[in-house]
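Worksheet: the structure to be examined is printed underneath.
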Amino acid sequence: MARPLPSQGKEVMVGSKGVIKRDEFVRIITKALYSLGYEKSGAVLEEESGITLHSPTVNLFRRQVLDGNWDSAVVTLKKVGLLDENIVKSAIFLILEQKFLELLRNDNVMGAIRTLQSEITPLGVNKKRVHELSGCIISSPQHVLLGFSKLGIESSNSRLKLLEELQKVLPPTVMVPERRLENLLEQALTVQREACYFHNSIDGLSLYTDHHCGKDQLPSCTVQVLRAHRDEVWFLQFSNNGKYLASASNDKSAIIWKVDEDGELSLKHTLTGHDKPVMMVAWSPDDCQLLTCGMEEVIRRWDVESGKCLHVYEKSGIGLISCGWFPDGKHILSGLTDHNFCLWDLDGKEVDCWKGQRSSKTSDFAVSNDGKLIISMNRESTIRLFDRETKQERLIEEDNTITSFSLSEDGDFLLVNLISEAIHLWNIRNCPIRVNRYAGHKRSRFVIRSCFGGSEQAFIASGSEDSQIYIWHRATGDLIETLPGHTGTVNCVSWNPANPHMLASASDDHTIRIWGLKKANLKRKDVGSSNGIYANGNTPSNGVVHQCNGNSSK
């Protein structure tokens, strides 16, 4: 029998605040040791502490369950001293269900029938499951195995799984729940993370110290300036895996930049062929292809690795003004100048076309991750949420003209930029509800784009006509950082989804700035120039400017 050592203290509570019961603390640690496979260490802790993980009665009950002594296990369970009769019946039901299934698996059909009729049914518990068990009697052996799976138990390890199920039913004072210590620690780390105002760390939280992020974890220092565009840069977007950045410019080109392992960006491909300025780009779900959309012109689809143009999408007499991918990666969507939307397959076959009912020139749209919800402009101050399956629509109605919007990674929130120099955050999970507002940036003439970003998308970033980037705390709406550096309007920002310490901005000053953490002795690196040459005088690594006239791809 476990006994306390003579030198051991007799405190009932442990911890500096005296809120942790010593016996619970020791039992949870003991349970963790056994769960991790440290059987000897768990036994030693029971011996030295004098606190057993389970009472002798419970230990006997567990052995009987593991040995398949079902009738004895039921008798022992009744001796544990449980006061709630419903809990006792639920636990007995699980035990007898296991007994029934094992009898069937061993071809003892008559024994299974007797167990069902005289032991399980009289409990009056879970009648639906009793009906399912009855079906197992006249079914094939495969249905018996299915019975194990419905219980959440694999037949190969069913008795251990049964103990886990019993632990969920019985009070924790009787049997300590599995992974209780891990759950407590995860809760503690979650509370610390949620309380961390500037949380934006890449490394996981440590148990050794209390978690705290400072403002220095925000990307607030220019670490690179990309100068390969010859005119205003209107749009940019990181790939889904964060390994590439694509930019679109008034110079009628788009550029694919590669994010190296050290976090530096290098020019991979310059994509030319549009006859008008490139308004936007869109990455395929697997990041292997890129769409570029000319201003009221055509959409071009490019291979990211080779830089070759794979297809040109156009509609006779109508200009295309936006582009995007469906989540399946097999279809693309575009807004048209006639206020319609069109859906194509990759070969250019028009699959669907419907009226967008837009009366504004805002071309933004978004598609949910499951492809069911299409978000688009309805009127100048209204956004339409259209369910393609139910054909139902919901509306977001603003008091001012909407200039752009973007969808959160989880698809539950929409960030809406307004002509009134405000950004609104809407929860669109059910009935759209405005949950926050962000202000401080400047907008009077141009389309300014904002984005979600940082760890768990906890921050909001936006461009501004005063040449700065603004960063807000998403939950509180507080403006926490203003980043100067550009010399022209900042049209668009994009936060790297794989690296919360990397932010990119596109400006009318013809440059793209990459923002990172402030580091000692950091020297800013400029990449590219107006003639496609790096700042150090070398040509781009691939030395190729890719052109597409569309003749061979249509």
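The values are calculated or read from the model by the stated rules, or taken from the named source; none is laboratory data. Just so you know, these numbers come straight off a predicted model, no measurement behind them. As a convention, Cβ positions derive from the backbone with ideal geometry for all residues, glycine included, and neighbour counts pool all protein chains shown. The accessibility values were calculated without ligands, DNA or RNA, using every heavy atom of the protein model including side chains. Shrake-Rupley method; radii C 1.70, N 1.55, O 1.52, S 1.80 Å.
In table form, for the structure just shown:
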read-out: Calculated FRET value between Asp287 and Lys349, using beta carbons and R₀ = 35 Å, to 0.05; value: 0.90
read-out: Degrees, to the nearest 10: 22-35 long Cα axis against longest axis of the chain; value: 80 degrees
read-out: Formal net charge of residues neighbouring Ala112 (Cβ-Cβ distance under 14 Å; K, R +1; D, E -1); value: -2
read-out: Electrostatic dipole magnitude of the range 54-175 [Cβ: Lys, Arg +1; Asp, Glu -1; Cα centre; debye, to 20]; value: 120 debye
read-out: Degrees separating the helix 56-67 axis from the principal Cα axis of the chain, which is the longest one; value: 70 degrees
read-out: Neighbour-limited loop hits for trypsin sites (Lys or Arg not before Pro), the range 395-501 (at most 12 other Cβ within 10 Å; DSSP other than H, G, I, E, B); value: Arg429, Arg445
read-out: Rounded FRET efficiency, nearest 0.05, which uses the C-beta distance separating Lys391 from Leu310 and R0 of 35 Å; value: 0.60
read-out: Net charge, Tyr34 excluded, C-beta distance under 12 Å - Lys, Arg +1, Asp, Glu -1; value: +3
read-out: Accessible carbon and sulfur surface of the range 54-175 relative to its total accessible area, %, 1.4 Å; value: 53 percent
read-out: Among [x] -0.29, -0.66, -1.00; [y] -0.58, -0.94, -0.98; [z] -0.48, -0.84, -0.96, the entry derived from the coordinates for log10 I(q)/I(0) by the Debye sum over Cα atoms at q = 0.06, 0.09, 0.11 Å⁻¹; value: [z]
read-out: Gain on full stretching of the segment that runs from Ile137 to Leu185 - 0.36 nm per residue minus C-alpha separation; value: 12.8 nm
read-out: Sparse-neighbourhood loop sites, trypsin sites (Lys or Arg not before Pro) in the range 292-337 - DSSP loop, at most 16 other Cβ within 10 angstrom; value: Lys308, Lys330
read-out: For the chain, with +1 on Lys and Arg beta carbons and -1 on Asp and Glu, the positive-most of Gln457, Gly335, Asn240 along the dipole; value: Gln457
read-out: Mean separation of Cα contacts under 8 Å, 6 or more apart, over the residue count of the chain: relative contact order %; value: 12 percent
read-out: Crossing angle, helix 180-195 versus the chain [Cα axis fit, 0-90 degrees, rounded to tens]; value: 30 degrees
read-out: The chain: calculated mean residue ellipticity at 222 nm from DSSP helix runs of at least 4, using -39500 (n - 2.57); value: -7000 deg cm²/dmol
read-out: Beta bridges by DSSP in the chain, antiparallel share as percent, to the nearest 5; value: 95 percent
read-out: Net charge of Cβ neighbours under 15 Å - reference Ala458; Lys, Arg +1; Asp, Glu -1; value: -4
read-out: Electrostatic dipole magnitude of the chain [Cβ: Lys, Arg +1; Asp, Glu -1; Cα centre; debye, to 20]; value: 720 debye
read-out: DSSP loop GluC sites (Glu not before Pro) with at most 12 other Cβ within 10 Å excluded, longest remaining stretch of the chain; value: 390-554
read-out: Listed pairs Lys308/Lys372; Lys258/Lys308; Lys89/Lys161; Lys243/Lys349 exceeding 21 Å between Cα atoms; value: Lys308/Lys372; Lys243/Lys349
